[in-house]
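**Student:** One structure, as structure tokens, below. Some questions next.
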Amino acid sequence: MLTLNNTRNVAGIEILGDFQDLDTLYMSLLMIIGDEGEYGDYEGARLRVLGVCYDIRHAFQGDREFEFVRNGMDEDRMRMLEMITPEKNLYYRCQVYFPEAFFVTIALNDFIRLYAKKQAKSATCPLLDKKNLWDTHIATTRLFQSLVMSCVKEVVMEPSFKRILNLMHKDYTWVDGYATQYLDMLNIRYLNIGDKDERAKALSTTVKRMVEKGKEYRQIEEEVRAMARDHNCSVEDISLVEDYPEVEW
């Protein structure tokens, strides 16, 4: 069963599941975000989702962490079923920084909408069209989003959780053309908070800065776009100079 948990030091969220769980999530996310350049200005957001997909894929390939999880079998049940089976299943695990998880969760709203429109081009309400209503990839992606928010609810107070929900729901189509270098800055700033309780308190402020595109964001966006013009490249090719700190998840 696909499972998401908060990491011990609230640095982010861990994605946990068996091979089939993670492979299904990986393929659904890939289908939802489409091919390179398919959705125009959403390429920056698409690359951030791809970053999560990269870690998920390497997890179920055995390149990340793993653990054995009890599967409900014991000696009595094996005796009753007259069979011998393992008592634990192999689960693979990878982690995502909290600000990154927020951004990807919000961005997936747009990608689901774009994917649904592609599937049912003539529909007035594509998400309710028969081609999308029971779509496996949409359902799997929605499950992932809901599990992210369940993790958030576990580490913040109820008023903070309500603020986060409002911020993430308000005008969520802002991710198109987003200068994701600012997301790197938010990741680094969040990870540099040493105490896990202080990290939890900082989550609502982090989301607020992410979605409101304030003065700090606009300054970084202008600098990134100017640098992209000077070097005749896309904004996605510009990287933040500051390095990520070592993380104790």
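**Student:** Straight-line reach from residue 117: which lysines have a Cα under 16 Å away, not including same-chain ones fewer than 8 places off?
**Tutor:** Result set, ordered by chain and number: 130, 131.
**Student:** Can I ask one more? Which residue, 197, 135, 76, has the most motion in a Gaussian network model of the chain that connects Cα atoms within less than 10 Å?
**Tutor:** Comparing 197, 135, 76 in a Gaussian network model of the chain, the most mobile one is 76.
**Student:** Taking the mean number of other Cβ atoms within 10 Å as a proxy for protection, how do you rank 141-150, 104-113, 220-229 from highest to lowest?
**Tutor:** For the peptides 141-150, 104-113, 220-229, the packing ranking is 104-113, 141-150, 220-229.
**Student:** Give me the distance between the Cα centres of segment 66-122 and segment 135-187, rounded to whole Å.
**Tutor:** Each part's Cα centre sits 18 Å from the other's.
**Student:** Read phi for every residue in segment 122-139 and hand back ³J(HN,Hα) as whole Hz from Karplus 6.51 cos²θ - 1.76 cosθ + 1.60, θ = phi - 60°, with x for Gly and Pro.
**Tutor:** For segment 122-139, the Karplus-derived couplings read 8, 6, 5, 10, x, 5, 9, 6, 4, 6, 10, 4, 10, 5, 4, 5, 5, 4 Hz, x marking Gly and Pro.
**Student:** Here are a few candidate values for volume of the Cα convex hull per residue in Å³: (i) 162; (ii) 120; (iii) 144. Which one was actually calculated from the structure I just gave you?
**Tutor:** Label of the calculated value: (i).
**Student:** Another question, then. What does the net charge come to around residue 86 if you take all other residues with beta carbon closer than 15 Å to its beta carbon, with K and R at +1 and D and E at -1?
**Tutor:** -2
**Student:** Local charge sum around residue 123 (other residues, Cβ-Cβ under 15 Å, Lys/Arg +1, Asp/Glu -1)?
**Tutor:** Counting the neighbours of residue 123, the net charge comes to +4.
**Student:** Still on this structure, please answer the following. Along the three principal axes, how long is segment 155-242 when you take its alpha carbons, biggest first, rounded to the nearest angstrom?
**Tutor:** Ordered largest first, segment 155-242 gives principal extents of 47, 31, 18 Å.
**Student:** For n ≥ 4 DSSP H runs only, could you compute -39500 (n - 2.57) per run for the chain, divide by its residues and tell me the 222 nm figure to the nearest 500?
**Tutor:** -18000 deg cm²/dmol
**Student:** Is the shape of segment 138-185 rounded, prolate or oblate, going by the alpha carbon gyration tensor and its root eigenvalues a ≥ b ≥ c, with a/c under 1.5 for rounded and a/b larger than b/c for prolate?
**Tutor:** The shape class here is oblate.
**Student:** Now for a separate question. Check which residues have an amide H placed less than 5 Å from residue 12's amide H, if you skip close sequence neighbours.
**Tutor:** Placed amide hydrogens put 7, 98 under 5 Å from residue 12.
**Student:** How far, in degrees from 0 to 90, does helix 181-191 lean away from the longest principal axis of the Cα atoms of the chain, to the nearest 10?
**Tutor:** Once rounded, one gets 50 degrees.
**Student:** Something else about it: Is there a pair in 162/208; 162/201; 153/196; 153/201; 170/196 whose C-alpha atoms are over 20 Å apart, and which pairs would that be?
**Tutor:** 170/196
**Student:** Going by amide H atoms built from the backbone, whose H comes under 5 Å of the H on residue 94, apart from near neighbours?
**Tutor:** Under 5 Å from the amide H of residue 94: 15.
**Student:** Mind listing the long-range amide H neighbours of residue 39? Cut-off is under 5 Å, sequence gap 5 or more, other chains count too, H placed in the peptide plane at 1.01 Å from N.
**Tutor:** Excluding prolines and chain starts, which carry no amide H, there are no hits.
Where a number appears in this text, it was derived from the coordinates with a stated rule and is not lab data. On a predicted model such as this, the values are computed, not experimentally measured, just so you know. No Cβ is skipped: glycine too gets one built from the backbone with ideal geometry, and neighbour counts run over all protein chains shown.
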